[in-house]
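Chemist: Take this structure, written in structure tokens, and hold onto it; I'll ask about it next.
The values are calculated or read from the model by the stated rules, or taken from the named source; none is laboratory data. Model, not experiment: these values are computed from the prediction. In this analysis, Cβ positions are derived from the backbone assuming ideal geometry, glycine residues included, and neighbour counts consider all displayed protein chains. With ligands, DNA and RNA removed, areas are computed over all heavy atoms of the protein, side chains included. Shrake-Rupley method; radii C 1.70, N 1.55, O 1.52, S 1.80 Å.
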Amino acid sequence: MRNRIQLFRWKKGWSQQQLANKSGVSKSVISSLENQRTLHPTIDVAYKLSKALEVYVFDIFYEEEEKEM
């Protein structure tokens with residue numbers, strides 16, 4: 001699963017720490033998600049991030065379409 005956390009965070013002019021403070025999600029989790037080290041966040045984390053960023057969960061997280069061979 002891919003995400004646009006960094007994009008929405010930059011649009012607000014926030015650092016990872018500011019997003020962590022506003023969402024209640026640790027900076028290390030945010031960093032792991034942004035760097036694709038964590039691919040599947042919990043529902044709780046996805047909800048907290050979407051609420052803090054004021055966007056829908058499905059705007060942040062999406063499945064990468066498989067390429068046909």
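Chemist: Which of S50, S32, S23 ends up with the largest GNM mean-square fluctuation for the chain, with Cα atoms connected below 10 Å?
Modeler: Largest GNM mean-square fluctuation: S32.
Chemist: Further, regarding this structure: In the Gaussian network model of the chain, springs joining C-alpha atoms below 10 Å, which of K22, K11, K48 carries the largest mean-square fluctuation?
Modeler: Maximum fluctuation in the GNM of the chain, among the listed residues, is at K11.
Chemist: Please state the charge dipole magnitude for the chain, taken about the Cα centre, from unit charges on C-beta atoms (+1 on K and R, -1 on D and E), reported in debye and rounded to the nearest 20.
Modeler: The calculation lands at about 500 debye.
Chemist: What is the sum of charges around V29, taking Lys and Arg as +1, Asp and Glu as -1, for the other residues whose C-beta is under 11 Å from the C-beta of V29?
Modeler: With Lys, Arg at +1 and Asp, Glu at -1, the net is +1.
Chemist: Here is a further query. Could you tell me which of F8, N21, P41 has its Cα farthest along the dipole of the chain towards the positive end, charges placed at Cβ (Lys, Arg +1; Asp, Glu -1), taken about the Cα centre?
Modeler: N21
Chemist: Could you work out what % of the accessible surface of the chain is carbon and sulfur, using a 1.4 angstrom probe and leaving DNA, RNA and ligands out of the count?
Modeler: C and S fraction of accessible area: 51 percent.
Chemist: In terms of solvent-accessible area of protein heavy atoms at a 1.4 angstrom probe, what is the ranking of K51, K12, highest value first?
Modeler: Listed by decreasing accessible area, they come as K51, K12.
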